[in-house]
Amino acid sequence: MKTRVAVIFGGVSVEHEVSVISALQAIQHMDDTKYEVIPLYISKDRTWYTGEDLLDIDNYKDLKGLLQRSQKVILSRGGNNSVELHKDPKPRFGKSYIGEIDVAFPIIHGTFGEDGVLQGYLELLNLPYVGCDVLSSSTGMDKVAMKHIYRDSGLPILDYVWFYSTEWNEDQDSLVKKIENTLSYPVIVKPANLGSSVGISKAANVDELEEAVELASEFTTKIVVEKMVQNMTEVNCSVLGDYEAAEASVCEEVLGSDEILSYEDKYTGGGASKDSGASKGMESTNRVIPAEIGEEKTREIQEIAVKSFQLLGCSGVSRIDFMIDKGEDKVYINEINTIPGSLSFYLWEPTGKPYKQLTDELIQLALKRQREREKLMFSIDSNLFSMSNLSGGKGSKK
Ligand SMILES: Nc1ncnc2c1ncn2[C@@H]1O[C@H](COP(=O)(O)OP(=O)(O)O)[C@@H](O)[C@H]1O
Ligand SMILES: [Mg+2]
């Protein structure tokens, strides 16, 4: 029997549309002799849908019509430790049961999908899933938590200052002082937990800093300010595997049309090819593969990439983004993306791993983790309530 894979996409994130593109691409590259794909689309209002029509990107132009033709669903626990898909609400006539799911494949970028929230839900259902677990997802998503861990392990990251927007509102002056003492202008201001360059801007003086923090505060309460690398090369490297074994892909050099690689640069291939790029996902970005940075830098980046992946306890495929400060000739980790755009397949193809093999390995890693989990004990087989000294409602206080 084929393994039933529920690909979960869409979601409540500024990267909703990108997720749809990444997911439909991945579905086209799953081995249909081994896997049966069940699309699970989460709308922006958090309703879950399934249905064949969700598999065609053109249908999303008329989203309302598409959702009317699709089936609202929920996941629930079935017998024998299974997870089932049911129509929701239960139909007045006929059954609600649609089928069983063996493994989930989350392809949602950003909030609620890449940050551990969805992963926690799947854990509670005991449904095996592709990719990072709760902790690695959430630390990977939060730029502050990620920086703390990397700094603690001696991995190269840029100097930074972080704060909550309420602290900024209450005592802006001392935060400005702290920023100016720790870093020098220009600086980059970012929301701690978004993606796709949303809410990020550069500040060359205190007035611009104020504006930049205000912009970032529109999106989040946790803000990071870091040193701006002015003369840089952006290089990304993907890592595939888990805590036991992981390998690095080829590196790519990303070419932006602006100082800060924008949402448009990333998904529409810069200015010129906006029409065709939007449906292609991440691989349409202006990029050079492999990055022309020499063998030594390539190896250095690949090594740091694998370390930063395993240090967070990642699983599946991640993409680690680097900045090379050309002035200092130094490599810095910018961030890790635990569900990268297009799952970074275009970095694996040049290593001789076709997209179909990548999705296959990802699903197999998920099943491996589940087998390992099943050997662990999550409960202790004793009935505390049947013990005689627990009577009288006093609990353990004696
Ligand atoms: N410290 C920095 N110096 C120079 N450019 C930066 C710096 N941090 C980010 N950028 C630019 O902004 C882009 C987005 O920042 P990033 O931290 O990757 O946020 P996101 O999670 O939104 O992708 C980067 O790809 C890079 O072009
Ligand atoms: Mg980025």
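The values are calculated or read from the model by the stated rules, or taken from the named source; none is laboratory data. On a predicted model such as this, the values are computed, not experimentally measured, just so you know. For neighbour counting, all protein chains shown are included, and Cβ atoms are generated from backbone atoms with ideal geometry for every residue, glycine included. Remember, those area values only see protein heavy atoms, side chains included, never the ligands or the DNA or RNA. Shrake-Rupley method; radii C 1.70, N 1.55, O 1.52, S 1.80 Å.
In this structure, Leu24 does not satisfy being in contact with an Asp or Glu (Cβ under 7 Å, 6 or more places away or on another chain), of a type outside the set (Phe, Trp, Tyr), farther than 20 Å from Leu127 by Cβ and not in a loop (DSSP other than H, G, I, E, B). When Leu194 is tested against (1) over 16 Å from the mean Cα position of the chain (by Cα); (2) assigned to a loop (DSSP other than H, G, I, E, B), exactly one condition is not met: (1).
Among residues of the range 178-207 that are within 11 Å of Thr220 (Cβ to Cβ) and open to solvent by less than 10 Å² (accessible area, probe 1.4 Å), those with a Cβ under 6 angstrom from a residue that is of a type in the set (D, E, K, R) and away from ligand 2 (no atom under 16 Å from the Cβ), sequence gap 6+ or separate chain, pair up as Ala192/Lys222.
The set of residues from the range 129-154 being more than 17 Å from the chain's Cα centre (by Cα) and either over 21 Å from Phe322 (Cα atoms) or open to solvent by 20 Å² or more (accessible area, probe 1.4 Å) (or both) comprises His148, Ile149, Arg151, Asp152, Ser153, Gly154. Summed over the range 1-51, residues that are hydrophobic (A, V, I, L, M, F, W, C) and open to solvent by 40 Å² or more (accessible area, probe 1.4 Å) total 4. If the condition is being part of a loop (DSSP other than H, G, I, E, B) and within 12 Å of ligand 1 (Cβ to nearest atom), then the range 340-355 contributes only Pro340.
Tell me which residues, restricted to the range 222-258, are assigned to a strand (DSSP E or B) and not hydrophobic (A, V, I, L, M, F, W, C). Hits for the range 222-258 are Lys222, Glu226, Lys227, Thr233, Glu234, Asn236, Ser238, Gly241, Glu247, Ser249, Glu252, Glu253. The residues in the range 187-198 that are at pLDDT below 90 and away from ligand 2 (no atom under 11 Å from the Cβ) can be counted, and the count is 1.
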